[in-house]
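**Q** Quick one: the structure is below, questions incoming.
Each value in this text was obtained by applying a stated rule to the coordinates, not by laboratory testing. Just so it is clear, the structure is predicted and the values come from calculations on it, not from any experiment. Glycine gets a Cβ as well: all are built from the backbone with ideal geometry, and neighbour counts include every protein chain shown.
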Amino acid sequence: MTRGVPRAGLLLALALLTGCASSGYLVLQPAEQGPDGSLTLETASGPYVLQTPGQALALSASRPWVFQPGGGQLERDFTAARAALPPPVERYQLYLDESGSHLSERSLANLDYLLRRIQRRAPVAVSVIGHTDRLGPAEVNARMGLLRAQRVADLLRARGVERLGILELQVRSHGERDLLVTTPDATAEPRNRRVEVLLR
């Protein structure tokens, strides 16, 4: 069993292992490091520690070993695996004006940029998620978050988003459940009143 394995490394290892039961390797990426800069991988033959980014664990039917790939090996081995990965999710935060009911002027101005990103990524799935702060009951905030998300989805539709090659347009609410800024209950926080748009 492996823990914290980089996706590209896991894909390469699986591809090689299906062809031959004795090779493949996993590589430590900077984002996968633990608090002390290392990563421990648990295998059937025991734990192995990768200390620095770029260090690798060779998988073997008999016994894995740690090594440092060199001479352009990582580039040769991982180019195809990286290309096969989907692009990362893009997240955009749209904020409300002082009324809390409409997008701010700045966020309205950013809609055109968002539409260009949707067109560039097409085919793309778009999620529009409404958020609130913790002022008011949770049930009311859930409805308010959905109303905000629906308004943004309507703005996107009015600007032709459905002609840009989207796979789906999801509209939902997180209400007060996913705060950007943690606050006590019954607290007003404008940064939590927002609509998040995800491109996948």
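**Q** Return the pair list, or none, for Cβ contacts closer than 8 Å from residues in the stretch 163-184 that are within 16 Å of residue 115 (Cα to Cα) to residues that are of a type in the set (D, E, K, R) and surrounded by fewer than 17 Cβ atoms within 10 Å (Cβ to Cβ), at least 6 apart or on different chains.
**A** 169/157; 169/162
**Q** Here's a follow-up. Considering only the stretch 69-114, state which residues are assigned to a loop (DSSP other than H, G, I, E, B) and surrounded by fewer than 12 Cβ atoms within 10 Å (Cβ to Cβ).
**A** 70, 71, 72, 85, 86, 87, 88, 89, 98, 99, listed by residue number.
**Q** Residues to consider are 129, 118; find the one that is in contact with an Asp or Glu (Cβ under 6 Å, 6 or more places away or on another chain) and either surrounded by 15 or more Cβ atoms within 10 Å (Cβ to Cβ) or part of a loop (DSSP other than H, G, I, E, B) (or both).
**A** 129
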